[in-house]
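In what follows, a single structure is set out as structure tokens and then discussed.
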Amino acid sequence: MPLFFLWDGEALWLSTRGTNPTGRNLRATGLLRACLGHTRDVVQIDGTARTLTAQELPTAIGDAFAAKGGWDPREDGPSYLWFRIQPHTIQAWGTVAELKERDLMREGQWIL
């Protein structure tokens, strides 16, 4: 499911209703695979999800999310949950030639 996101330099932040399939799956498994970009410029992030309510969300994150996207889930009621995704693997590539060196992060450690 396409979702708006915020990258804070350490984690990926998402917000969706807890009853949506994405919200239910993140809560049930605690795992996420996000693919950003298109087939010639891909960033793939595998990580673990921590669920937060709007009350638990750091104000600075909520404000940055709203400023970036022009939408503030905190104003749309308690059905919206927040998910902090801690990446453990990040890969990026644009062409087949880049596939062999696509790892940017492994086991939570930056390689570059």
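For the chain, give the magnitude of the charge dipole about the Cα centre (Cβ charges: +1 Lys/Arg, -1 Asp/Glu; no others), in debye to the nearest 20. Walk me through the intermediate numbers first.
Numbers: 12 positive and 13 negative charges, 72 e Å.
So the dipole magnitude of the chain works out to roughly 340 debye.
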- Query: Fewest to most neighbouring Cβ within 10 Å: what's the order for ARG74, ARG106?
  - Reply: ARG106, ARG74
- Note on the structure: Among GLY23, PHE83, ALA66, the residue whose Cα sits farthest towards the positive end of the charge dipole of region 9-83, when +1 is placed on the Cβ of each Lys and Arg and -1 on the Cβ of each Asp and Glu, is GLY23
- Message: Give the separation of the Cα centroids, region 10-72 to region 87-112, in Å.
- Response: 20 Å
- Applying the Karplus parametrisation 6.51 cos²θ - 1.76 cosθ + 1.60 with θ = phi - 60° to the phi angles of region 10-23, what ³J(HN,Hα) value in whole Hz is obtained for each residue in order, glycine and proline being reported as x? 10, 9, 9, 10, 10, 9, 7, 5, x, 8, 5, x, 5, x
- Note on the structure: Here the gain from full extension of PHE4 to GLN109, 0.36 nm per residue of separation minus their alpha-carbon distance, amounts to 35.3 nm
- Note on the structure: Between [x] 2, 12, 25, 26, 19, 12, 3, 0, 0; [y] 2, 10, 17, 17, 14, 10, 9, 8, 8, 5, 1, 0; [z] 2, 11, 21, 22, 19, 13, 7, 4, 1, 0, the structure-derived P(r) over Cα pairs in 5 Å bins from 0, in percent is [z]
- Note on the structure: Each label sits 7 Å from Cα toward the beta-carbon; between THR39 and GLU101 the label points are separated, in nm, by 2.5 nm
- Query: Within region 56-73, what residues put their amide N at less than 17 Å from the label point 7 Å along the Cα-to-Cβ vector of GLN86?
  - Reply: 57-58
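Where a number appears in this text, it was derived from the coordinates with a stated rule and is not lab data. Values in this document were obtained by computation on a predicted structure and should not be read as measured data. Reconstructed Cβ throughout: ideal geometry from the backbone, glycine too, with neighbour counts over all protein chains shown.
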